[in-house]
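Here's the structure we're looking at; comments come further down.
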């Protein structure tokens with residue numbers, strides 16, 4: 001998709017408003033509805049009362065591929081679309097991706113934004129679409145929260161699969177538009193560096209944050225429907 005200046009203007013407003021309504025976009029861009037409709041069609045978004053968030057996210061990814069403007073694209077996304085875009089980036093690397101994971105163990109419950117699975121590697125990803133830098137005490141606080149969720153997830157897996165000799169690598173990652181790559185209790189990465197981190201083999205990454213977990217059997221996607229680890233959608 002070759003984005004024109006007009007298409008990009010329409011896309012930014014569509015993302016900002018989380019809408020594909022030509023009337024709403026026309027009001028904010030001062031463009032005729034007919035031109036907005038044509039642009040939405042070129043973008044592959046379509047228009048109408050039912051917003052297709054996946055198509056909107058695909059258009060944002062095309063913009064990202066063309067411009068590599070990670071911060072600008074992120075600014076244009078709602079928190080939900082930012083999370084969906086991160087999930088799509090993970091899928092494009094060959095990972096099996098799940099969103100809105102509920103983990104239950106020891107009468108405690110936690111939510112995970114994204115779980116990505118490939119073989120014996122499990123990524124637990126928290127998306128923070130903040131327009132301020134994720135750094136200092138703020139980053140450390142969010143890292144501790146994610147580590148606590150990871151620990152609960154690991155206990156839930158042991159309860160589900162038992163302990164044994166099947167090794168899994170659990171990798172917790174905080175993703176944000178504005179942050180510098182860092183390693184604390186979890187991996188902290190800006191969106192632009194996410195794919196580079198995913199390309200690293202777990203054995204080349206520091207442990208911790210990588211958690212090497214010995215389970216009784218392999219974690220299969222169908223097991224993510226149990227009462228201990230449940231996929232939202």
On Cα atoms only, tilt of 33-43 relative to the major axis of the chain in degrees: 40
The stretch 145-163 scanned against label point 7 Å out from residue 120 along Cα→C-beta; backbone N under 18 Å for 154, 157-158, 161-163
Please report how far the C-alpha centroid of the stretch 173-196 lies from that of the stretch 109-172, rounded to the nearest whole angstrom. 13
Identify which of the listed values of Rg and Dmax of the Cα atoms in Å was calculated from the structure shown: [x] 19.5, 64; [y] 17.2, 55; [z] 18.1, 63. [x]
Quick one: helix 53-67 against the long Cα principal axis of the chain, what's the angle to the nearest 10°, folded into 0 to 90? 80
Between helix 79-92 and the chain, what is the angle of the helix's C-alpha long axis to the longest principal axis, kept within 0 to 90° and rounded to the nearest 10? 70
When the helix-only estimate is applied to the chain (DSSP H runs of n ≥ 4, each -39,500 (n - 2.57), divided by the residue count), what is the mean residue ellipticity at 222 nm, nearest 500 deg cm²/dmol? -13000 deg cm²/dmol
Just need log10 I(q)/I(0) for the stretch 5-67 at q = 0.24 Å⁻¹, Debye formula, equal scatterers on the alpha-carbon atoms, no solvent, rounded to two decimals. -0.94
Convex hull volume per residue in cubic angstrom - Cα atoms of the stretch 30-153: 151
With just the Cα atoms of the stretch 120-233, tell me how far they stretch along each of the three principal axes, in Å, largest first. 41, 30, 22
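No lab work stands behind these numbers, since they all come straight from the coordinates. Please read all numbers here as calculations on a predicted model, not as lab measurements. Backbone-built Cβ (ideal geometry, glycine too); neighbour counts: all protein chains shown.
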